[in-house]
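Right, one structure below, let's go through it.
The values are calculated or read from the model by the stated rules, or taken from the named source; none is laboratory data. Just so we're clear, the structure is a prediction, and the values are computed from it rather than from any experiment. All Cβ positions, even for glycine, are placed from backbone atoms using ideal geometry, and neighbour counts span all protein chains on display. Accessible surface areas use protein heavy atoms only, side chains included; no ligands, DNA or RNA. Shrake-Rupley method; radii C 1.70, N 1.55, O 1.52, S 1.80 Å.
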Amino acid sequence: MFRLRRAERIVLLPVVAFMVTSCTTNMGVRHSPLHPANNVAVDFRIKASDADCIKEARLYIYEYETYVSDKGMQSARKRDGGTWGLVKTWSYSMHPKDINESYCKKGGFPAHSYVTYVFSVTDKKGNVACESWSFAAGDWQFGTSPIPLLGNGAPASRIDVCFVADRDDYASARAMLGDLEKLIFDGYHINNGVKRGKKYWQFYYSPERGNITDFDASPRSMEIPGSVSSSSIIDHAAIIHTTVLRDWASGGNFGTEPTNIGTAVHESGHAAFNLKDEYNGGGHSTSTNPHHNNYNSLSSCQTYNTNNGWPASDCENIQSGWWRPEPASLKCIMWDDGDASMPSFQRTCLARIDWFYSNL
Ligand SMILES: [Zn+2]
């Protein structure tokens, strides 16, 4: 199940803390543009809600410069004279339950930058929640290797997704970035399975474009740039196209329109968690890892449900030889990907996802 990886090449790791989430604060943060060009203004945003009411929010920015280490590693160090630390505090005397704030970093960051930002929220009871993300800014120093758009940890303990622009639809890889903002922040991040382990998902894009044909094309083909397919850090790639195609997956990689947020998360559900399709005609198989959503006998499906406190009678036949432990009425995203809508993962798939995260 777990890939053995070669030594990590990227050590673009900031020193600041990872996400710590108090139980009461719900927060979502983002930056735009996803990969800002040299010295272009960058917008940092936070939306948060807290039933205990919010007293204060803060934004910290840490600016690194990238360099190639003695060992040829992608590395980053604090930039002399760069932004380092607290840049903005929002104080609330009225203690609102919801906030929606933004901060514009005028002048952005120069070439070869790597930026970490941390939003913290303090509620009236003194609980602090924070989220920390890092991204590349300005000209990218490391050739065709995947460019970090949103990350926070060592790739070996993360799910690393690389987006590849389809050359039929995008004039350059960068031309895809606007579409990716919606796909990541209003797509992946709103899904229930991703949200409960948001920090485990890291996103990149390839400086080189690729291509995918329609499923029904002859010949059918998927072209992933070599620097992505051979990357030691990327777990799976998604080719982003805007022309409407019948999408398909192969070897964990897949194609999708950027607006089909449900399709993207469904396909990542296969690639990241090894979940299978719950619909007739999809891809089916069993797994020795816990909480699988496909069984090859009714009795093994019923045993799974009984052992997990769910009715044995919930097991349903998918097609000849295959059963699902969660009924179609639950409408799991692995039963119907929802296309441009975002269905939720249901109980069995969520148990699988929690198990997967607990092993990272
Ligand atoms: Zn599928």
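Out of all the residues in the range 324-346, which are open to solvent by 50 Å² or more (accessible area, probe 1.4 Å), at negative phi and touching a residue at least 12 places away in the same chain (Cβ under 8 Å)? The answer is 330, 335, 336, 340, 341. Scanning the range 115-151 for residues that are farther than 20 Å from residue 45 by Cβ and in a strand (DSSP E or B) returns a single hit, 147. Checking 297, 358 one by one, the residue that is open to solvent by 50 Å² or more (accessible area, probe 1.4 Å) and either in contact with a His (Cβ under 8 Å, 6 or more places away or on another chain) or of a type in the set (Ser, Thr, Tyr) (or both) is 358 and no other. Scoring residue 230 on the criteria (1) touching a residue at least 40 places away in the same chain (Cβ under 8 Å); (2) open to solvent by 30 Å² or more (accessible area, probe 1.4 Å) leaves a single failure, condition (1). Checking each residue of the range 300-313 against the condition of being of a type outside the set (Phe, Trp, Tyr), touching a residue at least 60 places away in the same chain (Cβ under 8 Å) and part of a helix (DSSP H, G or I) gives no match.
Taking the range 276-294 as the range and being more than 15 Å from the ligand (Cβ to nearest atom) and either open to solvent by 50 Å² or more (accessible area, probe 1.4 Å) or not assigned by TED's automatic domain parsing to the domain that holds residue 349 (or both) as the test, the residues that pass are 286, 288, 290. Annotation: of all residues in the range 248-273 being open to solvent by 40 Å² or more (accessible area, probe 1.4 Å) and touching a helix residue (DSSP H, G or I) at 6+ places or on another chain (Cβ under 8 Å), the one that is farthest from the ligand (Cβ to nearest atom) is 259. Per the conditions (1) in a strand (DSSP E or B); (2) without any contact (Cβ under 8 Å) to a residue 12 or more places away in the chain, the sole criterion not satisfied by residue 318 is (2). May I ask you to verify whether residue 67 is open to solvent by 30 Å² or more (accessible area, probe 1.4 Å) and more than 29 Å from residue 231 (Cα to Cα)? No; evaluated as a whole, the condition is false for this residue.
Residues considered: 203, 254, 185. Of these, the only one that is of a type in the set (Phe, Trp, Tyr), touching a residue at least 60 places away in the same chain (Cβ under 8 Å) and not assigned by TED's automatic domain parsing to the domain that holds residue 35 is 185.
Here residue 236 meets the list (1) at pLDDT 95 or above; (2) more than 18 Å from residue 342 (Cα to Cα); (3) within 19 Å of the chain's Cα centre (by Cα); (4) within 12 Å of the ligand (Cβ to nearest atom) almost entirely, failing just condition (4).
For the range 152-171, the count of residues that are of a type in the set (Gly, Ala, Ser), open to solvent by 50 Å² or more (accessible area, probe 1.4 Å) and assigned to a loop (DSSP other than H, G, I, E, B) is nonzero.
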